[in-house]
Amino acid sequence: MTKNILITGASSGIGAACARKSVEAGYKVALAARSVSKLEALVEELGSENALAIECDVSDPDAQLKMFSQVLERFPGLDVVFANAGLGATAMGTESGDIDNFREMILVNNFALTVTCKLAIPHLKASKGHLLLTGSRAGNTVLKGSVYGATKWFVKGYAQNLAAELAGTRVRVTNIEPGMVDTAFFDEAKPDALRDDDIANAFIYTVSQPETVMIADIQVYPTPKN
Ligand code: NJP
């Protein structure tokens, strides 16, 4: 059965890979991010009958409201919302870190994610749908002074709190926790890291489960070398 899926942070990396695998699986995708030209190139690749590009800075709640109305104008309902947009640290730790970067990480990785979830809930209640959040291995471990890691600890706790709030509604909540993935998240290539497709495979596995199955947390890590 087809599904209508909204993915934030769909212009590159994990979000774009999930969009590609979703269309391969026969689903329709709405792709949101700030980089319109990248989104439009992806729509061109996936076919405009399968994909829709939406320019949206998720840190602006009004822009997210508009994003939801654009999706619903195009697709009759939403089955899956993937709050995936996020960014990392420009410098390690708190003492060496940059204050503007702290603000942007907290704004996008946390505040914007809660807005996406709030706006998604009524639609997902109607469809008995699925909310997925991108957490991180960094939200499972202690990294010295890491503000980024703490934003992902927030995602871990929030996903569990949200699942408790939505219990009985049939809406499922999943926290996807990747280890290191070779994407534009890093300035340099990460040859030993996971590929974005590895996370997309976990995404498809999660959203294709029957309605009676909720995968609460899925951790996808590179196989340890030693
Ligand atoms: O990185 P990248 P990933 N409004 O840079 C978007 C988490 N994660 O795929 O707006 C809207 O290719 C940005 O779009 P644009 C990570 O924390 C990663 O690796 O056009 N969108 C782009 O599409 C994040 O939550 C690793 O610049 C905004 C996307 O976010 C998620 O995975 C490990 C935005 C970032 O794509 C995807 O990151 C891990 C805004 N204000 C967790 N700001 C890893 N790569 O190792 C950013 O555990 N975006």
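Condition check ((1) surrounded by fewer than 13 Cβ atoms within 10 Å (Cβ to Cβ); (2) of a type in the set (A, V, I, L, M, F, W, C); (3) under 25 Å from Thr174 (Cα atoms); (4) in contact with a His (Cβ under 6 Å, 6 or more places away or on another chain)) across all residues:
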residue: Val23; (1), (2), (3), (4): no, yes, yes, no
residue: Asp60; (1), (2), (3), (4): no, no, yes, no
residue: Glu73; (1), (2), (3), (4): yes, no, no, no
residue: Leu87; (1), (2), (3), (4): no, yes, yes, no
residue: Gly97; (1), (2), (3), (4): no, no, no, no
Can you find a residue that is surrounded by 15 or more Cβ atoms within 10 Å (Cβ to Cβ), touching a residue at least 60 places away in the same chain (Cβ under 8 Å) and out of contact with any strand residue (DSSP E or B) (no Cβ under 8 Å at 6 or more places or on another chain) anywhere in segment 168-180? no
Test Ala120 against the criterion of being of a type in the set (Gly, Ala, Ser), closer than 17 Å to Cys56 by Cβ and more than 11 Å from the ligand (Cβ to nearest atom), and give yes or no. yes
Qualifying positions in segment 64-95 - without any contact (Cβ under 8 Å) to a residue 24 or more places away in the chain and either over 15 Å from Leu119 (Cβ atoms) or under 17 Å from the mean Cα position of the chain (by Cα) (or both): Thr90, Ala91
Of all residues in segment 181-211, which are within 16 Å of the chain's Cα centre (by Cα), within 8 Å of the ligand (Cβ to nearest atom) and exposed (fewer than 15 other Cβ atoms within 10 Å of the Cβ)? Ala184
Scan segment 126-145 residue by residue and report those that are of a type outside the set (Lys, Arg), surrounded by fewer than 21 Cβ atoms within 10 Å (Cβ to Cβ) and either without any contact (Cβ under 8 Å) to a residue 60 or more places away in the chain or assigned to a helix (DSSP H, G or I) (or both). Ala126, Ser127, Thr141, Val142, Leu143, Gly145
Of the residues that make up segment 41-62, is at least one over 14 Å from Leu113 (Cβ atoms) and touching a residue at least 40 places away in the same chain (Cβ under 8 Å)? no
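Values quoted throughout were computed directly from the atomic coordinates according to the rules given, and no laboratory measurement underlies them. Everything quoted here is computed from the prediction, not taken from an experiment. Note that each Cβ is placed from the backbone with ideal geometry, even for glycine, and that neighbours are counted across all protein chains shown.
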